[in-house]
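> Mind having a look at this structure? Questions to follow.
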Amino acid sequence: MTTLVVGANGATGKLLVEQLLSEGEKVKIIVRSTESLPVAMKDHARVDITIANLLDLSDAQLQAQVKGCCAVVSCLGHNLTFKGIYGQPRRLVKNAVQRLCNAIEATSPANVKTPVKFILMNSTGNQNSKEGETIPLSQAIVIKMIRFLVPPHADNEEAAGYLQSHYGINHNVIEWAAVRPDTLTDADLPSKYEIHKAPTRNPIFDAGKTSRINVAHFMSQLIIKSEIWHKWKANMPVIYNSVS
């Protein structure tokens, strides 16, 4: 099977590619530069690299990227610099998700039997209100301020909202899941982690921790293991490192 990963030169994206390769999968990646990629990844026979700004690709070029892929994963995010947070494009993630989904639909055969899995790396700061998640007033006030002051937060919200509003649980072309880690940390190896349907901690005042490699491992399992996918598709699972 082949998975397209966008944002593969980010900290979590690289780990996801490595996880998929360790499982014997083929991977396509779209990156603006290969400088930060490990040499082993750049030279790997099962990695197909396209050097480009994703939003600059034509519709036909994007369709060529997604064609034949069983899964598409977005690990895109904004650089934590003033330009990355407040510069253009303000809706990098949402626009990428929309264009990739359009490309998947355009290249899917009329008699498609297996929908493409679309996995979005998101955040616990994004409330899944469409599924009835509620948050304390104090958290809601802070989130509202963050939404106004930090444009990437609204971008993440809109990206997940696009998947929710366009692709129901029984869509015949695209199925989706939006994975929500809490405070991201670094670790060398996967460890025990917990998956919940909704946050069990307050991401503002009592944040948990999630190692990037655990996020990568969970996303790889969503792609590879059908029983895990069927449990979490059309959901926004929250992932924490286990404390025990």
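> Rounded to the nearest 500, what is the chain's calculated 222 nm mean residue ellipticity when only DSSP H runs of at least 4 contribute -39500 (n - 2.57) each, over all residues?
-11500 deg cm²/dmol, from helical runs alone.
> Using the Cα atoms of the range 87-204 to build a convex hull, what is its mean projected area in square nanometres? Don't jump to the answer; show the numbers that get you there.
Numbers: hull surface 37.9 nm².
For the range 87-204, averaging the hull's shadow over all directions gives 9.5 nm².
> In debye to the nearest 20, how big a dipole does the chain give about its Cα centre with +1 on each Lys and Arg Cβ and -1 on each Asp and Glu Cβ?
Approximately 220 debye in magnitude.
> Lysines within cross-link reach of Lys14: Cα-Cα under 24 Å, excluding same-chain residues under 8 positions apart?
Lys26, Lys28, Lys42, Lys67, Lys83, Lys94, Lys117, Lys192, Lys209, Lys225, Lys233
> Can you give the extra length, in nm with one decimal, that the chain gains between Ala207 and Leu189 once fully stretched, where that is 0.36 nm per residue apart less the Cα-Cα distance? Provide the component values of the computation, followed by the final result.
Numbers: separation 18, 0.36 × 18 = 6.48 nm, distance 2.17 nm.
Gain in length upon complete extension: 4.3 nm.
> If you don't mind, another one. Compute the acute angle (0 to 90°) between the alpha-carbon long axis of helix 151-166 and the principal axis of greatest extent of the alpha-carbon atoms of the chain; round to the nearest 10°.
70 degrees
> Write down the percent of antiparallel bridges among all DSSP beta bridges whose residues are both part of the chain, to the nearest 5.
10 percent
> Sticking with this one: On average over all directions, what projected area in square nanometres does the chain have, based on the convex hull of its Cα atoms? Intermediate results must be reported in sequence, preceding the final value.
Details: hull surface 52.3 nm².
Its average projected convex-hull area is 13.1 nm².
> Relative to the present Cα-Cα distance, how much length would full extension add between Glu158 and Cys70 at 0.36 nm per residue of separation? Don't skip to the end; give the middle numbers.
Values: separation 88, 0.36 × 88 = 31.68 nm, distance 2.39 nm.
Here the answer is 29.3 nm.
> Compute the helix-to-body angle for 137-149: its Cα long axis versus the longest principal axis of the chain, expressed 0 to 90° and rounded to tens.
Compared with the principal axis, the helix lies near 50 degrees.
> Let me ask you something else. Find the relative contact order for the range 2-241 and round it to a whole percent, using C-alpha pairs within less than 8 Å whose residues are 6+ positions apart.
20 percent
> I would also like to ask the following. With a sphere of radius 13 Å drawn around the Cβ of Ala103, what net charge do the other residues whose Cβ falls strictly inside it have (Lys, Arg +1; Asp, Glu -1)?
Result for the neighbourhood of Ala103: +1.
> How much length would be gained if the chain were fully extended between Gln61 and Glu227, taking 0.36 nm per residue of separation minus their Cα-Cα distance, in nm to one decimal?
Stretched out fully, the Gln61 to Glu227 stretch lengthens by 56.5 nm.
Each reported figure results from applying straightforward, stated rules to the coordinates on display, with no laboratory input. These numbers were taken from a predicted model, which means no experiment stands behind them. So basically every Cβ, Gly included, is an ideal-geometry build from the backbone, and we count neighbours across all protein chains shown.
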